[in-house]
1. Here are the criteria: (1) touching a Leu at 6+ places or on another chain (Cβ under 9 Å); (2) among the acidic types (Asp, Glu); (3) under 26 Å from Ala334 (Cα atoms). Tell me which single one Asp200 does not satisfy.
2. Residue check, Asp600 against (1) surrounded by 13 or more Cβ atoms within 10 Å (Cβ to Cβ); (2) under 25 Å from Asp522 (Cα atoms); (3) charged (D, E, K, R), all met but one. Which one?
3. Evaluate the following for Thr439: is it of a type in the set (Ser, Thr, Tyr), over 18 Å from the mean Cα position of the chain (by Cα) and not in a strand (DSSP E or B)?
4. In the stretch 336-352, which residues are more than 11 Å from Pro310 (Cα to Cα) and in contact (Cβ under 8 Å) with a residue 40 or more places away in the chain?
5. Need at least 2 residues that are of a type in the set (Val, Ile, Thr), within 30 Å of Gly486 (Cβ to Cβ) and in contact (Cβ under 8 Å) with a residue 24 or more places away in the chain per element, so show me which helices (runs of 4 or more DSSP H) inside the stretch 532-613 make the cut, counting only ones lying wholly within it.
6. Out of curiosity, is Gly459 among the small types (Gly, Ala, Ser), assigned to a loop (DSSP other than H, G, I, E, B) and at pLDDT 80 or above?
7. Need at least 3 residues that are more than 35 Å from the chain's Cα centre (by Cα) and free of Cβ contacts under 8 Å to residues at least 40 places away in the same chain per element, so show me which strands (runs of 3 or more DSSP E) inside the stretch 130-219 make the cut, counting only ones lying wholly within it.
8. Within the stretch 571-617, track down each residue that is farther than 14 Å from Val547 by Cβ and in contact with a Lys or Arg (Cβ under 8 Å, 6 or more places away or on another chain).
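The values are calculated or read from the model by the stated rules, or taken from the named source; none is laboratory data. Predicted, not measured: the structure shown is a model, and the values here were computed from it. Here the Cβ is made from the backbone with ideal geometry for all residues, glycine too, and neighbour counts use every protein chain on show.
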Amino acid sequence: MTIVAVDAVRTLLDLLAVGASGDQLNKVAAEARAAGVAGPELARIERATEKAQRVRRTVVAHRRREAELTALFDTASDLARLRDTDAVLRSIVHRARMLLGVDVSYLSMNDEVAGRTYMRVTDGSVSALFQQVTLAMGEGLGGLVAQTARPYATRDYFADERFRHTTPIDASVRDEGLSAILGVPLLLGSKVIGVLYAADRAPREFAAEEVALLASFADHAAIAIDNAHLLDETRLALAELNSANETISAHNDAMHRAEDAHDKLMDLVLRGGDVPEVAAAVAQVLRGGIAVYDSAGAELANAGAGSVRPTPKAVAASRSSGRAVSTSDSWVCAVHAGQELLGSLLLTGRPSLEDADRRLFERAGVVTALLLMLRRSVAQAEDEVRGELLTDLLTAPDRNPGALLARGHRLGVDLTEPHSVLVATADDVPRRRLAMAATRYGALVGVHADQVVVLAREGDAGKLAARMAVELGSTVDTPVTVGAAGPVAGIGELVDAYAEAARCARSLVALGRVGQGGSMGDLGFVGLLLGASANLDDYVRTTLGPVLEYDDRRGTELLRTLRAYYASGANLTRAKDALHVHVNTVVQRMERIGSLLGHDWQAPERALEIQLALRLHDLMA
């Protein structure tokens, strides 16, 4: 690489280090062209620029994911210590605006008594007309969201004829200068109490993940409003029903228990608690059995709920109503985020539920949804990080070995310790699916060069490969071929072992052993020829061991007889002449050799392996 190219790469790294924009990265190649750099040197600079852009995009995506998770945690924390509803709503609206990167975000509330909708909170708005607008039910984009109880996005508000335009609304939107608007419903059960919006002053398309994120914020806003309403109802009951102190006290105790339970559940989530811990906490608070199921009906946790399972009909009813529903022997609450069903909660041992306990059960569903989303996001992020480490290890091991070792330590993988390397291939199976199925076999699993690569702490790579081939084939319902090498320690050795494992996998396919697994040592002389570090002594001992041991114990000449037999073209008469013995002696020795080496020792493939082992034995003598 020339000095100019090296300087360009150094400049790109410096720009990445300070968080430069994509345009600033592109200027490096542009300045090189302007300086007269051309040919291979310019191509190197352009390739380096493309890689720098990919690194920048990856970093930006990770930062965005981190910011989203942090915002959800912060919002959950705000709800856990709710004191000022407006402050929580302002925080939610502001975070929504920052994370979606929009110009304006706002929240409107429905007043059913007056039949009007009014603006509750805005962030980024500069128009007084927009901030004070009120509209009748069913008007504008928000009316469409309220009627359908589903998110709705428009790229160009004034060009969209799928909702009812009115002069007051259009005037306020035009005064604010908005174009693209996304609205998601604030739901209490199946009832829409308002709409949360994100809007830009220029046309734009809202991605599915942006819609899901805004829907999560809307769920938290609905909880804040619901909590505020509950607190208001409690205060009103205390003021108006002084004569019913016992009833009020019981209701107040239930509210405090709900708040304590909500704080406890949110604290579990914020401390990194898992699904079984949340299930146990909810079961203790509600004094019943709790089971958690995923969207496919698989059980994730069970805290004293027994073998009762929610029916699909009950889950669908809870999902459509937004409330917990009662069955003959249990209560069921759908766990969802926006329109996505994540699973369900089952409560047993409580034939009836007071309103406060029912709401607590439903809030447990919201907490469980948040926990499942966070767990899924963390798992996806960890899989991506592990896959990136494996790719960097196999494609650029010499670039920064120290950084590779440090990244491995952060993931709990010590690359200086012995690891077996396995390469799995299969036809007509998505590599990501095969990699997910292989995660249980190794500390580091990923997709590289259209193959699934596994680093495992297994000492016998060949046995693990054979077991993986059988089990993975059963999991993905198609033959899986697995080549193996190692165990080896160190970055360079792992890269070499990967190359050998890949050759082994290709050799298995070429030999017609699709759906099997093994190492080069399991391929006989083929493995000896193709292996990166062939052990000749082991090969000779494996092939001729019984004959050698028999000669050592008995003082016989079976090995010499075998050598003469092959040297004479498998002709017994010529062999007895070379050995100067009677032909019957040769026959008896050959029978003994057959009993030691197996009945198929004269088959073409075995005969070739035996002759190769004889030649190697002579060379090493």
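1. (3)
2. Only one criterion in (1) surrounded by 13 or more Cβ atoms within 10 Å (Cβ to Cβ); (2) under 25 Å from Asp522 (Cα atoms); (3) charged (D, E, K, R) is unmet by Asp600, namely (1).
3. Details: of a type in the set (Ser, Thr, Tyr): yes; over 18 Å from the mean Cα position of the chain (by Cα): no; not in a strand (DSSP E or B): yes.
When the stated conditions are applied, Thr439 does not pass them.
4. Step one: of the stretch 336-352, the residues more than 11 Å from Pro310 (Cα to Cα) are 336-342, 349-352.
Scanning the stretch 336-352 gives Ala337, Gly338, Gln339, Glu340, Leu341, Leu342, Gly349, Arg350.
5. On the way: elements: 536-554, 558-567, 572-579, 583-597.
Correct list: 536-554.
6. On the way: among the small types (Gly, Ala, Ser): yes; assigned to a loop (DSSP other than H, G, I, E, B): yes; at pLDDT 80 or above: no.
Answer is no for this residue.
7. Details: elements: 134-136, 152-154, 180-188, 191-200.
Hits in the stretch 130-219: 134-136.
8. Leu579, His582, Val583, Thr585, Val586, Asp600
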